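Participant: Just passing along the structure, written as structure tokens.
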Amino acid sequence: MSARRFAGTLIVVLLSATSWAGTRLPTVTHDGRPYVELRRVAASLQTKLDATPASTRAHLRTRDTTVTFTRNWSQVLVNGKPVMLDAPVRVKQGVWLVPESFVGRVVPTLVAGAPAGAPPARTVAAAVEVTLEDVRVRSYPSFTRIVVETSAAVPHRIESSGPREARVRLLGLGNGAQVQGIHDGLIAEVRLERAGADGLLRVVFEGAAGTIRPTTLADPPRLVLDVARPAEPTTREGREQIGPLKMIVLDAGHGGHDSGATGPTGLMEKDLVLDVTRRVAKLVEAQLGLKVRLTRDADYFVTLRDRTSIANRERADLFVSIHANAHRETATDGVETYFLSSEATDGAARQVAALENGVVQLEQPTGRAAGQVDIVKAILWDLAQSEFQTESSRLAEVVHDSMTQSLRISNRGVKQAGFYVLGGAAMPAILLEIGFVTNPKEERRLKETKYRDEIARAIYAGLVEYKRAWDQRGRAAAEPSPVTRVR
Ligand SMILES: [Zn+2]
């Protein structure tokens, strides 16, 4: 979704100069520490700031004080005198950030140093901007999720939920507007408009109105609006919550200019996993009767986000991503299976996720360091996988057991970690690491057609077992239903 920025104005009244320490300038977290945007500090002081995204230094000038900031330095100069902050000044995506401690330690001296002729510091009104960072919309089978990300928490009020549209007032978020066409069968468009000092988010329905369930998330501040589809009348008999499994998306990792891991004799992960994925697809389609969709069927690049978008669009029931592993220690071997969690099982799991997420850097030709931010966002904002976590862990266990039982290979276990590629999936989703290409012995085996076939059969057998259990649960749910049948 497009990231559009605009600024609203929120008036914060500061009762005295000393209340600076308690000033409610919005903070952002960087390297685990709270930071404040330098331009916000300048705006609240109503003073001049010289800073460009590319410059090494920035200057904040009040009537009689100049503060000099140097990027990546913890030391700032106040009229030439060094003052140490508890963390370095940073420039992130062109935005100058100062540690929050700067507001408590240095800003009061700037205010106190105001000339005697200036109005007494009884009431200083400072304008603090609340910035709209992004409005993201994603469609899932039973609901549509609208996420409004802002630089600081914005109170909201649901004003009306009529037959045509729902309105959500975002208090203090003014100026600016945007329209996103959605057309997912539930929502026609999402409009953000100005309404006095506030923002008004209008959710326009295509047909019958959905019901809105709001939640707020912090860090970054987000208002999440889940719009549920109106209950569809039961048209088929015996259709309870568990429908039959119909479609699976198989995702061969990497591709194109992203080779993934490379073995000592040159085996590339992208080639290996494409071959194995195709073999799994053939078996599933021919013998399990499920529809299969591949995120790529040849050697080309697909972004991590697109991989799950394909699955969501196709309303797939399962998402299985197939990868091969790498480790600095070449003796490391074995298979492991992952499902998504923002908390990694352990350091090793976190490293595997970091390695697989690293491709995000290749998605941005400019090579700017925005990847880190995006990864965290993608995992956090959706939280879609949290709804499927139990089912994902079940799928992970069944497929993993099948692999470890039929392949003579070390069992590294079922683990959790923050994989970007799994973050957007609106269905049970797992990621398989079928072996270490960096281990010479494993690499040799992974090159053999016969062994690849064995892996594919093991994955397939796991899916067969999963489907069997799924169907059984479906029957159990449907059987004792004295529900009135509707034709
Ligand atoms: Zn990989």
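Nothing in this text is a laboratory measurement; each read-out follows from the coordinates by a stated rule. Because the structure is predicted, anything quoted here is derived from the model rather than measured. With ideal geometry, Cβ positions are generated from the backbone for all residues, glycine too; neighbour counts draw on all protein chains shown.
Participant: Explain nothing, just compute: Karplus ³J(HN,Hα) = 6.51 cos²θ - 1.76 cosθ + 1.60, θ = phi - 60°, for every residue of region 447-462 in order, whole Hz, x for Gly and Pro.
Facilitator: Once θ is set to phi - 60°, the couplings for region 447-462 become 7, 6, 4, 4, 5, 4, 5, 5, 4, 4, 5, 5, 5, 4, 4, x Hz.
Participant: For an R0 of 51 angstrom, estimate the FRET efficiency from the Cβ-Cβ distance between Gln93 and Ala231 and round to the nearest 0.05.
Facilitator: On the way: r = 43 Å, r/R0 = 0.84.
Efficiency, from the Cβ-Cβ distance: 0.75.
Participant: Here's a follow-up. Could you pull out every residue, at least 5 positions away or on a different chain, whose amide H is within less than 5 Å of the one on Val130? Hs are placed 1.01 Å off N in the peptide plane, and Pro or chain starts have none.
Facilitator: Amide H neighbours of Val130, under 5 Å, 5+ apart: Gly8, Thr9, Leu10.
Participant: Oh, and also: Please report the orientation-averaged projected area of region 247-474, defined via the convex hull of its C-alpha atoms, in nm². All intermediate terms of the calculation are to be shown ahead of the outcome.
Facilitator: Numbers: hull surface 46.2 nm².
If I average the Cα hull's projected area over directions, I get 11.5 nm².
Participant: Distance in nm between label sites at Thr211 and Glu314, each 7 Å beyond Cα in the beta-carbon direction?
Facilitator: Distance between label points: 3.3 nm.
Participant: At a threshold of 8 angstrom on Cα-Cα distance, excluding pairs fewer than six apart, so keeping six or more, what relative contact order does region 128-228 reach in percent? Present the calculation step by step, with values, prior to reporting the outcome.
Facilitator: On the way: 247 pairs, mean separation 27.7, N = 101.
Once divided by the residue count of region 128-228, the mean separation gives 27 percent.
Participant: Roughly how many nanometres apart are two label points built 7 Å out from the Cα toward the Cβ at Ala476 and Asp184?
Facilitator: Placing both labels 7 Å along Cα→Cβ, they lie 3.1 nm apart.
Participant: Another one. For a quick check: sort Leu318, Leu294 by the number of other beta carbons within 10 angstrom, fewest at the front. Don't skip to the end; give the middle numbers.
Facilitator: Details: Leu318 26, Leu294 17.
Lowest count first: Leu294, Leu318.
Participant: What does the charge count near Thr66 come to, summing +1 for each Lys or Arg and -1 for each Asp or Glu among other residues with Cβ under 13 Å from its Cβ? List each step's numbers first, then the result.
Facilitator: On the way: positive: Lys48, Arg57, Arg61, Arg63, Lys81; negative: Asp50, Asp64.
In short, +3.
Participant: What lysines sit close enough to Lys450 to cross-link, taking a C-alpha to C-alpha distance under 23 Å and skipping anything fewer than 8 places away on the same chain?
Facilitator: The qualifying lysines are Lys270, Lys282, Lys441.
Participant: Further, regarding this structure: Taking H as built 1.01 Å from N, whose amide H comes closer than 5 Å to the amide H of Gly435, not counting residues under 5 places away?
Facilitator: Under 5 Å from the amide H of Gly435 lie the amide H atoms of Asn325, Glu336, each far enough along the sequence or on another chain.
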